[in-house]
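Structure first, then comments.
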Amino acid sequence: MLAGLLFAVQDAEDRQGVLAATLPFAGVTVIEYQARLLATAGASQLVIVVSRLTPELLGAIARIGRRGMSVDTVRSAGEASARLHPLARVVALADGLITTDATLAPFAAEGGDALLVLDAGSASPDYERVGGGLAWAGVARLDARRLADVAALPSDYDVQSALLRVAEQGGARHVVLAAGEAGAGHGIERRSAALEQRSRAVMMATLATRPGWFDRWVVRPIAGFVLPPLIGRPGSTVAVTIAAGVAVLIGLGLVAVGYQTVGLFAALAGTVAAAMGERTAWLREESRLASVLAWGIPGATALAALLLGRSIDSRGLSDSGVIVALVLIAVAALVERATDAVPRAIWWATPPACLLLLAVLTMLGMPLAGLILATVYAFATLSAAIELLRRKA
């Protein structure tokens, strides 16, 4: 059983009377974003150590609870220990920590106590020192019994600091923070003015870790220009979703009436917008919208391929365009199922990558060749995924 331990104790440095955990971040609050990371890692229970229950914190807790997590607020280590199963693995995040799911994922795996650390010389004063020239980088995997150990200490302790000391004295393993994580937005932040910059860095980092080359080399550079002014604004995800939907519909309509190249590139622009919107929705805990966008991308690609095949056949260029398109759709669907169970290689086919291939070859006057080549690409990906599945079995 995996449980999350969060802290909402420290005040913001630039907003009087406001907890750092309730500062706005990527359209939600810091603590909601932390809860989202823990839920993605597999945590079903969340315990929050609080100093006081402000209206902003109560609102954040209510929103977290509505998303299916069990949430308890406590004021001491003893209360926290009583809420947790004694055999639970606990992933603790520091008060005000911003990080990514890639950094958190190793701590959700099985194992003993572990602390994420970095060189104390390069660490800001917000990071707690653990000795040996190291500082705690804000993520820890702990045995639930560590909280009982902290509860036995004098009552004037700080729960987060005392828990860190107990884990360190117990021989917790040190995991060094990867060199690029600071640039990916990782850090403890208690200033609202600096959180906007971190939200941009986290967004870029999540796009960079997507497995496909299309997300890394097409979506990410575009997102670097488009998303920064939108990410912190209310309703921005809906606006991006509407723009994506309009672009896709216009593109599909143009392909249907014979303007193949312009239509395919318009649909491709819509899928790029949808990919950016899906990541933004994930950050902002808009799970339904994220699901719609995630399903919309392959759906738009399938319709574009089918309409392109129909357009090819209607012009008399071939009598098998629709058949090839249907084969492509079927193979792509199998690829999506097969690749869910194995790590994706960067070169593997994804729906937007196939759509880009169709658009480029259609622009070069070879639409049927585009359908055939996209189908061969999908077949190659499926073969590679099946081989990995076979080795895994």
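Side notes on the structure shown:
- Database remark: amide H of Ile188 closer than 5 angstrom to the amide H of Ile98 (H placed geometrically; neighbours at sequence offset of 5 or more, or on other chains; Pro and chain starts carry no H).
- Antiparallel content of DSSP bridges confined to the chain, in %, to 5: 45 percent
- Measuring max minus min along each principal axis, the C-alpha atoms of segment 134-202 give extents of 41, 26, 20 Å (largest first).
- Karplus-based coupling profile of segment 299-314, in residue order and whole Hz: x, 5, 5, 4, 5, 4, 5, 5, 5, 5, x, 5, 5, 4, 5, 5, with θ = phi - 60° in 6.51 cos²θ - 1.76 cosθ + 1.60 and x standing for Gly or Pro.
- Hz values of 3J(HN,Hα) by residue in segment 115-127 - Karplus curve (6.51, -1.76, 1.60), Gly and Pro given as x: 10, 7, 10, 8, 5, 5, x, 9, 8, 6, x, 5, 7
- Whether segment 231-339 is rounded, prolate or oblate, judged on the alpha carbon gyration tensor where a/c under 1.5 counts as rounded: oblate
- To put it simply, the accessible area of the chain at a 1.4 Å probe is 61 percent carbon and sulfur.
- Average accessible surface for the chain: 43 Å² per residue, computed with a 1.4 Å probe over protein heavy atoms with every protein chain in place.
- Look at the Cα gyration tensor of segment 1-129: its axes a ≥ b ≥ c give a/c under 1.5, and that counts as rounded.
- Computed from Cα positions, the angle between helix 192-208 and the longest principal axis of the chain comes to roughly 50 degrees.
- Cα pair count fraction exceeding 19 Å, expressed as % - segment 58-169: 52 percent
The values are calculated or read from the model by the stated rules, or taken from the named source; none is laboratory data. The model shown is predicted, which means the values in this text are computed figures rather than measured ones. Heavy atoms of the whole protein, side chains included, go into the accessibility calculation; ligands, DNA and RNA do not. Shrake-Rupley method; radii C 1.70, N 1.55, O 1.52, S 1.80 Å.
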